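Reviewing the structure listed below.
Every number here is computed from the coordinates shown, using simple stated rules; none is lab data. Note that the structure is a prediction, hence the values are computed from the model and not measured. Reconstructed Cβ throughout: ideal geometry from the backbone, glycine too, with neighbour counts over all protein chains shown.
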Amino acid sequence: MISTGNLIEKPVYTEKGILVGNVYDVILDFENGSIYGILIKDTNTGVVNEGIPISIPFRWIKAIGDAILLLTFPDKVNYNRRNTTQ
């Protein structure tokens, strides 16, 4: 069984060994009683455009130890902010 508190602040790495960031929070699925995903707040700008916060589905996690290793992750997460002021 995984304790959600033990996931906080763990570093998260892509399958290629690139740091995505550290776990900031855990997203729970109360309906199914499971972990839905993890939230990375201060992301690596090398893999996430502008270092924006992202959530990673728990099903993408391959292994959890001193760090979290992902099964898959895009080469680059792009996010284009839309100008909402007119």
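The figures follow:
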item: Potential extension, Lys10-Trp60 segment - 0.36 nm per residue separation minus Cα distance; result: 16.5 nm
item: Cross-link partners of Lys16 among aspartates and glutamates (Cα-Cα below 20 Å; sequence separation of 8 or more within a chain); result: Asp42, Asp66, Asp75
item: Leading residue at positive end of dipole, the chain (Cβ point charges), from Ser34, Phe73, Pro57; result: Phe73
item: DSSP-loop GluC sites (Glu not before Pro) across the chain, with at most 15 other Cβ within 10 angstrom; result: Glu9, Glu15, Glu31
item: Relative exposure of Ser55, Ser3, judged by other C-beta atoms within 10 Å (fewest first); result: Ser3, Ser55
item: Matching label, P(r) over Cα pairs in 5 Å bins from 0, in percent computed from the structure shown, candidates (1) 3, 16, 28, 26, 17, 8, 2; (2) 3, 11, 10, 12, 8, 7, 7, 6, 6, 5, 5, 4, 4, 4, 3, 3, 1, 0; (3) 3, 14, 25, 24, 15, 9, 6, 3, 1, 0, 0; result: (3)
item: Nearest-20 debye value, the chain charge dipole, Cβ charges on Lys, Arg, Asp, Glu; result: 260
item: The range 1-79: chymotrypsin sites (Phe, Trp or Tyr not before Pro) falling in loop per DSSP and having at most 14 other Cβ within 10 Å; result: Phe30, Tyr79
item: Distance in nm between pseudo-label sites at Asn78 and Asp25 (7 Å out along the Cβ direction from Cα); result: 2.9
